[in-house]
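First comes the structure, then the notes that go with it.
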Amino acid sequence: MKIFAPVFVALLLVVSCKNYIGIPDNFDYGKIENNVYVNEFFGMKMPLNEGWTSLEKDFVDSLRAEGLKDMVGDNKELEKTISAADIKTANLLSILHADTTVFQLYNPNISMIAENLKLALQVKNGKDYLEAAKSFMESSGVAFQFVGEIREYKIGGKEFYTMEVINTVQGVPIHQDFYAAVMNGFGLAIVGSWMDEDHRAIIRSELETITFD
């Protein structure tokens with residue numbers, strides 16, 4: 001039996017206390033065709049290679065709700081902030097790597113989200129995005145641990161930036177690599193969650209297959 005910790009995708013920027021720009025009706029959330037995730041808005045393709053499976057949106061939403069509930073606790077102001085920021089955040093894809101031959105407490109997974117940055121004029125690139133996200137997480141009251149510095153990381157030839165965060169879930173330290181870039185007025189964020197370096201290598205191998213037009 002495998003135990004799954006919540007998929008954490010609350011990488012949210014709060015850029016205005018009064019105005020929030022949502023996701024346009026014609027925004028492309030992407031779709032899976034012939035086992036390849038295709039997103040025309042970002043000009044991106046990502047094959048779902050052996051061992052990877054996509055998760056149903058309702059299931060991911062329920063896991064995310066549990067994770068956010070644990071993070072928010074009794075902090076009503078933080079709850080309102082997250083609810084408002086959700087308006088401009090789109091969950092694009094969540095995939096899980098399952099090895100049926102090995103018992104795993106936690107499976108490596110990848111979540112991909114996009115955030116409308118129309119009001120975030122100060123966010124010019126993925127580094128700016130991650131610095132703002134780090135500031136938000138530090139103010140959340142949750143004891144996130146940040147490992148090393150934010151640094152550049154190429155994905156599909158595009159300029160992303162990455163930072164490593166440790167999020168302890170039910171006493172278990174879960175490592176998360178956050179990758180972010182700014183494209184077409186949106187922040188594109190990819191979160192890889194892992195427990196050991198083998199898991200991390202599996203995630204990075206999958207990210208290496210991403211291509212951009």
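The stretch between Arg204 and Lys124, if pulled fully straight at 0.36 nm per residue, gains 26.3 nm over its current Cα-Cα span. Which entries of Lys45/Lys127; Lys31/Lys118; Lys124/Lys154 have Cα-Cα distances beyond 20 Å here? Pairs exceeding 20 Å: Lys45/Lys127; Lys31/Lys118.
Put simply, when 113-123, 185-195, 163-173 are sorted by average Cβ atoms within 10 angstrom per residue, most first, you get 185-195, 113-123, 163-173. By the count of other C-beta atoms within 10 Å, a proxy for reagent exposure, Asp128, Asp198, Asp213, Asp99 are ordered fewest to most as Asp213, Asp198, Asp99, Asp128. The phi-based Karplus calculation (6.51 cos²θ - 1.76 cosθ + 1.60; θ = phi - 60°) puts the 3J(HN,Hα) values of segment 110-123 at 10, 10, 10, 9, 10, 9, 6, 10, 4, 8, 8, 5, 7, 8 Hz, whole numbers, x for Gly and Pro.
Read-outs throughout are calculated quantities, based only on the coordinates presented, and are distinct from any laboratory measurement. Keep in mind the model is a prediction, meaning the values are calculated, not measured. Ideal geometry is used to build each Cβ from the backbone, glycine not excepted, and the neighbour counts take in all protein chains shown.
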